[in-house]
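Below is one structure; the comments refer to it alone.
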Amino acid sequence: MSRTYLHEHTTTTAAEAFSDAEVAVLPTGSVEQHGPALPLGTDLLAARAVAETVADRSDAVLLPPIPVGVSAHHRQFDGTLWTDPGTFEAYVADVVASVTEHGVRKAVVVNGHGGNSDALRRAARNLRDERVAFATPWNWWSNLDALVEEELDTSLGHADEVETSVMLAVAGDLVREAALEDAEERGGDSWGKSVRGAPVGFDAIDFTESGAVGSPTEGSREVGEKLFDHAGDDLAALVEWLAEQNLDSLWPRGHR
Ligand SMILES: [Zn+2]
């Protein structure tokens, strides 16, 4: 059965899906402003699309995506939803822990939103310390720096040319291409605002009027497809590596 999320199974077919599974794959995203051209669910849609590339592996189970993340820093923009980081951390940990009941104790959290990262690391660390599960948080763009630099001469920002490219590739019908120019004109140069290295902007609205940064008009579907393919290859390799690991080798080391 290919491209099937856990919530699309019955309890009968879920038993089959779990029988060979070694790794749970959990997409996490955000529902937050991505400027006037990209959908609020950009991070969710990207994480979901990348996670779905491993859905037909028999050693992986694809869990239902967690849509809303840690996004309070976008709250001044219409449509943004957010959760407290502690709530998000506990919720993700609970979902991963519930999967262990069905015999799968290794997971990759395919994350689409940088603001979730700290909470996901804390959840992973606690799950490991308590020997509940080994759940590595993986941002889909984390191994793409060189390719992004080569293709777009930049690094990942927010609602920028990188995210625009990926959205054009995975959810093109949701990109309002006519609004890309406005996104760029009223956007920030890059993510954040600082004085002599000290952060002085904590919300997106402190440094971008449109909600976007960088040069969203330079995004392209072709580049997005390259990034998406690379991310899919990275995830397949990561799942394969994790599936082969003995759980005992993943637990915290004792005092030396
Ligand atoms: Zn985003």
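The values are calculated or read from the model by the stated rules, or taken from the named source; none is laboratory data. Keep in mind that this is a model prediction, so the values were computed, not measured. Note: ideal-geometry Cβ built from the backbone for every residue, glycine included; neighbour counts use all protein chains shown. Ligands, DNA and RNA are excluded from the accessible area calculation, which covers all protein heavy atoms including side chains. Shrake-Rupley method; radii C 1.70, N 1.55, O 1.52, S 1.80 Å.
For the chain, a simple Cβ point-charge model (Lys and Arg +1, Asp and Glu -1, everything else neutral) yields a dipole of about 1200 debye relative to the Cα centre. Most simply put, the chain has about 15% antiparallel DSSP beta bridges, counting only bridges with both residues inside it. Amide H contacts of VAL109 (H built 1.01 Å from N, in plane; Pro and chain starts excluded): LEU26, THR136, TRP138 sit under 5 Å, all sequence-distant by 5 or more or on other chains. With both labels modelled 7 Å from their Cα along Cα-to-Cβ, the ASP248 to ALA146 distance reads 3.6 nm. Across segment 223-230, computed HN-Hα scalar couplings (Karplus, 6.51 cos²θ - 1.76 cosθ + 1.60, θ = phi - 60°) run 5, x, 5, 4, 5, 4, 4, 5 Hz from first to last residue, x flagging Gly and Pro.
Estimated from helical segments only, the mean residue ellipticity of the chain at 222 nm is -12000 deg cm²/dmol, where each DSSP H run of four or more residues counts as -39500 (n - 2.57).
Among the GluC sites (Glu not before Pro) in segment 8-75, none sits in a DSSP loop with a Cβ that has at most 11 other Cβ atoms within 10 Å.
Taking amide H positions as modeled 1.01 Å from N, with prolines and chain starts lacking one, the residues under 5 Å from GLY188 and 5 or more places away or on another chain are GLU209, SER210, GLY211, ALA212, VAL213, GLY214. Spacing of the modelled spin labels on ARG196 and THR12, each 7 Å from Cα toward Cβ, amounts to 7.1 nm.
Accessible area per residue for segment 6-248 is 47 Å², calculated with a 1.4 Å probe on protein heavy atoms, without ligands, DNA or RNA. Since only ALA123, ALA146, ALA24 are under comparison, the one whose Cα sits farthest along the positive direction of the charge dipole of the chain, derived from C-beta charges on Lys, Arg, Asp and Glu, is ALA123. Dipole orientation for segment 60-219: of the candidates PRO65, ALA178, SER190, PRO65 has the Cα lying most toward the positive pole (charges on Cβ; Lys, Arg +1; Asp, Glu -1). The three principal axes of the Cα atoms in the chain give end-to-end lengths of 52, 41, 33 Å, sorted in falling order.
For ILE66, the residues whose modelled amide H falls within less than 5 Å of its own, excluding neighbours fewer than 5 places apart on the same chain, are THR28, GLY29.
Spacing of the modelled spin labels on GLU240 and SER58, each 7 Å from Cα toward Cβ, amounts to 1.7 nm. For a Förster distance of 41 Å, can you work out the FRET efficiency between the beta-carbons of SER19 and ASP118, rounded to the nearest 0.05? Working from the Cβ atoms, E equals 0.70.
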